[in-house]
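**Student:** Please read through the structure below; I'll follow up with questions.
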Amino acid sequence: MNQETLLKFIHRIITVNADAPGLALSELESILEKQGASRDLLDLIRAAKQGISESSPTMRKAVSESPVLSAKDLQTAIARAHEQKMREDMAARNGRC
């Protein structure tokens, strides 16, 4: 599998699978590990899983904004999810929910 194909899978999983995109990404990661995929491809999946775990709605929104997901688009979505998580954590620490 090449990076372009993997990004298509990641895009589809995140935008279509509202219930458990993290689980679907984990299963894809497992399949690719068994097939001996490169570290770069596995790192893309792991980064996407990280973004989903931090803020699934933010990841879904950011990824869905790109008709064709690129590695840069994915990194932007992950950064947005991380920033959202940080804002939520800060609000919780300051007594706001």
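The values are calculated or read from the model by the stated rules, or taken from the named source; none is laboratory data. A quick note: this is a predicted structure, and the numbers were derived from the prediction, not measured. Don't worry about glycine lacking a Cβ; one is built from the backbone with ideal geometry, like all the others, and counts go over all protein chains shown.
**Student:** Assess whether Leu7 counts as being of a type in the set (A, V, I, L, M), in contact with a His (Cβ under 9 Å, 6 or more places away or on another chain) and touching a residue at least 60 places away in the same chain (Cβ under 8 Å). Walk me through it before giving the result.
**Tutor:** On the way: of a type in the set (A, V, I, L, M): yes; in contact with a His (Cβ under 9 Å, 6 or more places away or on another chain): no; touching a residue at least 60 places away in the same chain (Cβ under 8 Å): yes.
No.
**Student:** Moving on to the next point. Being surrounded by 14 or more Cβ atoms within 10 Å (Cβ to Cβ) and either basic (Lys, Arg) or modelled with pLDDT under 95 (or both) is true for just one of Leu42, Leu69. Which residue is that?
**Tutor:** Leu69
**Student:** Using beta carbons and a limit of 6 Å, which pairs, at least six apart or on different chains, have the first residue in the range 83-97 and within 17 Å of Pro57 (Cβ to Cβ) and of a type outside the set (S, T, N, Q) and the second one modelled with pLDDT of 90 or more and part of a helix (DSSP H, G or I)?
**Tutor:** Within 6 Å, the pairs are Lys85/Glu54; Lys85/Ser55.
**Student:** What is the one condition in (1) surrounded by 14 or more Cβ atoms within 10 Å (Cβ to Cβ); (2) part of a helix (DSSP H, G or I) that Ala91 does not satisfy?
**Tutor:** So Ala91 meets the others, but not (1).
**Student:** Do you know which residues across the range 53-67 are part of a helix (DSSP H, G or I) and touching a residue at least 40 places away in the same chain (Cβ under 8 Å)?
**Tutor:** Met59, Arg60, Val63, Ser64
**Student:** Scan the range 60-97 residue by residue and report those that are farther than 20 Å from Asp40 by Cα and among the aliphatic types (A, V, I, L, M).
**Tutor:** Ala62, Ala81, Met86, Met90, Ala91, Ala92
Let's see how each residue does on (1) of a type in the set (Val, Ile, Thr); (2) in contact (Cβ under 8 Å) with a residue 12 or more places away in the chain; (3) outside any helix (DSSP H, G or I); (4) at negative phi:
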residue: Ala24; (1), (2), (3), (4): no, no, no, yes
residue: Leu32; (1), (2), (3), (4): no, yes, no, yes
residue: Gly36; (1), (2), (3), (4): no, no, yes, no
residue: Leu42; (1), (2), (3), (4): no, yes, no, yes
residue: Gly51; (1), (2), (3), (4): no, yes, no, yes
residue: Leu69; (1), (2), (3), (4): no, yes, yes, yes
residue: Leu74; (1), (2), (3), (4): no, yes, no, yes
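**Student:** Right, something else. Just name the residue that is farthest from the chain's Cα centre (by Cα) out of those in the range 39-97 that are closer than 20 Å to Asn17 by Cβ and among the acidic types (Asp, Glu).
**Tutor:** Across the range 39-97, the extreme among qualifying residues is Glu65.
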